[in-house]
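**Student:** Structure incoming, see below.
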Amino acid sequence: MKNYFLLIAFIANISVFAQNKSNIINVAEVERIITTLASDDMQGRRAGTPSIDKAAGFIEQEFKKAGLQPLNGTSYLQPFTMLRPKQKEVKAELDDVQIDANRVVIITSKNDLKVNEKSGYKQHTINGADGADIQSFFTKARNIVAANENTVVFVDQSLSAHFSRLPNLKRQIFSSSDIIFVLGSFTKEFTIKAEHDFDEIKYANVIGVLPGKSNSKEQVIFSAHYDHMGIGKAVNGDSIYNGANDNASGTTAVILLANHFKALNNNERTLVFVAFTAEEMGMFGSQFFSKQINPQDVVAMVNIEMIGTDSKFGKNSAFITGYERSDLGKILQKNLEGSAFSIHPDPYPDLQLFYRSDNATLARLGVPAHTVSTSKMDVEPHYHKVSDEVSTLDLQNMTEIIKAIAESTKSLINKKDAPSRVSGEM
Ligand SMILES: [Zn+2]
């Protein structure tokens with residue numbers, strides 16, 4: 001009897017998905033891809049540095065080998081540039097009274113900026129009640145920035161503590177409109193002058209496409225960020241942040257899903273496989289990407305982050321962030337019924353994981369965009385440490401998770417399901 005049960009356990013361990021037709025998603029491939037991405041040779045894949053180009057080149061090669069089409073023309077790379085501003089001088093007056101420079105936060109791509117009440121800039125106020133809690137304050141501020149119109153925002157003095165955190169919004173910017181936040185108000189006139197220098201920083205997402213058989217307009221996106229933290233202070237002689245779990249694991253999944261769906265060759269909708277850059281710096285890659293697409297065409301986005309360890313729910317399980325924000329989670333669960341794999345709502349709602357990866361960028365545009373993960377975020381010992389290496393991961397379990405993602409999305413790919421849209425402020 002004992003042996004019999006051992007045998008069952010052994011078979012179950014090999015794969016919970018006997019129906020995995022393509023057999024392309026296997027441990028040897030998982031190991032080959034993740035070991036390459038997380039090797040010391042990739043120098044921690046820090047976005048905006050030459051070392052990440054090697055990773056981009058590898059992913060590009062894998063997409064090509066898989067038979068994906070480039071998004072535009074012949075390149076799988078989606079390059080973009082951001083500006084890192086260096087503020088040289090700021091002068092501001094409200095009703096002829098000069099105010100302290102730290103009461104002004106300016107987002108601009110102009111070297112010389114001069115704005116007053118006659119400049120035709122939109123004016124906006126955030127009053128004490130509106131912005132009382134920091135979450136709603138930043139939601140308002142972010143929405144104003146995202147609207148991308150020349151705007152001056154007057155923030156109530158009572159919100160000075162929140163205001164002091166606004167410079168986080170301007171660490172790096174896309175060349176865009178001028179958005180000026182001022183702590184204070186005016187009755188008749190105001191003047192703001194600023195001088196800036198800029199560094200240009202180059203980035204690239206990597207994107208491959210499988211056009212839909214019967215509906216090429218509707219898209220399902222599989223994504224993962226491929227950047228990590230680069231090189232830092234040495235710990236026990238190791239200074240390279242390999243980012244094996246975060247997020248060579250998710251990138252490996254995207255590459256293998258691309259191969260799998262290409263082999264099946266039956267996707268009714270268009271499948272878009274995206275490796276995002278600069279997630280760790282502020283989700284710049286997904287922000288640029290989201291401006292190049294029509295969010296209405298995106299039926300669902302399955303973002304994949306940190307799937308290299310067992311989840312809180314044990315082997316053959318994962319969780320999805322923002323479960324209640326659309327019914328994508330329910331659809332994935334339905335497609336897994338009868339299998340030994342389970343997908344759960346995010347067990348760490350307090351950590352706000354729904355807002356902490358690239359899915360959030362598209363969710364803000366209404367797309368049912370969620371992240372699938374297995375990370376025990378409350379206790380993950382290697383999270384953002386030099387010790388995040390392949391040797392700490394369970395590649396067998398990770399292989400099952402990738403197969404489960406393939407299986408759980410089948411009704412999205414064959415056009416049978418379309419999840420509800422994400423609505424409400426975020
Ligand atoms: Zn990550």
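**Student:** Could you list, in sequence order, all residues of region 221-264 that are assigned to a loop (DSSP other than H, G, I, E, B) and among the hydroxyl-bearing types (Ser, Thr, Tyr)? Full working, then the answer.
**Tutor:** Going residue by residue through region 221-264, those that are assigned to a loop (DSSP other than H, G, I, E, B) are 226-227, 229, 236-237, 242-243.
Once the filter is applied, which keeps residues that are assigned to a loop (DSSP other than H, G, I, E, B) and among the hydroxyl-bearing types (Ser, Thr, Tyr), region 221-264 yields only 226.
**Student:** Here is a follow-up. Can you report the number of residues in region 71-97 which are closer than 30 Å to residue 187 by Cβ and surrounded by 14 or more Cβ atoms within 10 Å (Cβ to Cβ)?
**Tutor:** Count: 6.
**Student:** Considering every residue within region 347-360, establish whether at least one is among the acidic types (Asp, Glu), in a helix (DSSP H, G or I) and either more than 18 Å from residue 423 (Cβ to Cβ) or touching a residue at least 60 places away in the same chain (Cβ under 8 Å) (or both).
**Tutor:** Quick first cut of region 347-360, residues among the acidic types (Asp, Glu) only: 350, 358.
Next, from what is left, pick out any that are in a helix (DSSP H, G or I): 350.
Filter once more, so that each one left must be either more than 18 Å from residue 423 (Cβ to Cβ) or touching a residue at least 60 places away in the same chain (Cβ under 8 Å) (or both): 350.
Yes: region 347-360 contains one or more residues that are among the acidic types (Asp, Glu), in a helix (DSSP H, G or I) and either more than 18 Å from residue 423 (Cβ to Cβ) or touching a residue at least 60 places away in the same chain (Cβ under 8 Å) (or both).
**Student:** Also: Restricting the search to region 75-113, which residues are in a strand (DSSP E or B), assigned by TED's automatic domain parsing to the domain that holds residue 208 and in contact with a Pro (Cβ under 9 Å, 6 or more places away or on another chain)?
**Tutor:** 77
**Student:** Can you tell me which residues in region 272-321 are out of contact with any Pro (no Cβ under 7 Å at 6 or more places or on another chain), closer than 24 Å to residue 380 by Cα and away from the ligand (no atom under 16 Å from the Cβ)?
**Tutor:** Scanning region 272-321 gives 310, 313, 314, 315, 316, 317.
**Student:** With the structure loaded, tell me whether residue 68 is within 30 Å of the chain's Cα centre (by Cα) and either touching a residue at least 24 places away in the same chain (Cβ under 8 Å) or surrounded by fewer than 19 Cβ atoms within 10 Å (Cβ to Cβ) (or both) or whether it fails that test.
**Tutor:** On the way: within 30 Å of the chain's Cα centre (by Cα): yes; either touching a residue at least 24 places away in the same chain (Cβ under 8 Å) or surrounded by fewer than 19 Cβ atoms within 10 Å (Cβ to Cβ) (or both): yes.
It is true that residue 68 is within 30 Å of the chain's Cα centre (by Cα) and either touching a residue at least 24 places away in the same chain (Cβ under 8 Å) or surrounded by fewer than 19 Cβ atoms within 10 Å (Cβ to Cβ) (or both).
**Student:** Of all residues in region 240-294, how many are among the hydroxyl-bearing types (Ser, Thr, Tyr) and either touching a Gly at 6+ places or on another chain (Cβ under 6 Å) or free of Cβ contacts under 8 Å to residues at least 12 places away in the same chain (or both)? Spell out how you get there, then give the answer.
**Tutor:** Taking region 240-294 as the starting set, the residues that turn out to be among the hydroxyl-bearing types (Ser, Thr, Tyr) are 241, 249, 251-252, 270, 277, 286, 290.
Then keep just the ones that are either touching a Gly at 6+ places or on another chain (Cβ under 6 Å) or free of Cβ contacts under 8 Å to residues at least 12 places away in the same chain (or both); that gives 241, 249, 270, 277.
Result for region 240-294: 4.
**Student:** Which condition does residue 330 not pass, out of (1) farther than 26 Å from residue 394 by Cα; (2) in contact with an Asp or Glu (Cβ under 7 Å, 6 or more places away or on another chain); (3) modelled with pLDDT of 95 or more, if it passes all the others?
**Tutor:** (2) is the only condition that residue 330 fails.
**Student:** Now for a separate question. For the structure I just gave you, tell me whether residue 386 is touching a helix residue (DSSP H, G or I) at 6+ places or on another chain (Cβ under 8 Å), surrounded by fewer than 22 Cβ atoms within 10 Å (Cβ to Cβ) and assigned by TED's automatic domain parsing to the domain that holds residue 304. Steps first, please.
**Tutor:** Numbers: touching a helix residue (DSSP H, G or I) at 6+ places or on another chain (Cβ under 8 Å): no; surrounded by fewer than 22 Cβ atoms within 10 Å (Cβ to Cβ): yes; assigned by TED's automatic domain parsing to the domain that holds residue 304: yes.
For residue 386, the condition - touching a helix residue (DSSP H, G or I) at 6+ places or on another chain (Cβ under 8 Å), surrounded by fewer than 22 Cβ atoms within 10 Å (Cβ to Cβ) and assigned by TED's automatic domain parsing to the domain that holds residue 304 - is not met.
**Student:** Could you check region 209-262 and list, in sequence order, the residues that are touching a helix residue (DSSP H, G or I) at 6+ places or on another chain (Cβ under 7 Å), of a type in the set (Asp, Glu) and away from the ligand (no atom under 11 Å from the Cβ)?
**Tutor:** The one that is touching a helix residue (DSSP H, G or I) at 6+ places or on another chain (Cβ under 7 Å), of a type in the set (Asp, Glu) and away from the ligand (no atom under 11 Å from the Cβ): 218.
**Student:** Just one of the numbered conditions (1) at pLDDT 95 or above; (2) surrounded by fewer than 21 Cβ atoms within 10 Å (Cβ to Cβ) is not true of residue 311; which one?
**Tutor:** (2)
**Student:** Say we look at region 330-377 and pick out the residues that are within 14 Å of the ligand (Cβ to nearest atom) and hydrophobic (A, V, I, L, M, F, W, C); which of these is surrounded by the fewest Cβ atoms within 10 Å (Cβ to Cβ)?
**Tutor:** The qualifying residue surrounded by the fewest Cβ atoms within 10 Å (Cβ to Cβ) is 351.
The values are calculated or read from the model by the stated rules, or taken from the named source; none is laboratory data. What you see is a predicted model, and the numbers here were worked out from it, not measured in a lab. Neighbour counts are summed over all protein chains in view; Cβ atoms, including those assigned to glycine, are modelled from backbone coordinates with ideal geometry.
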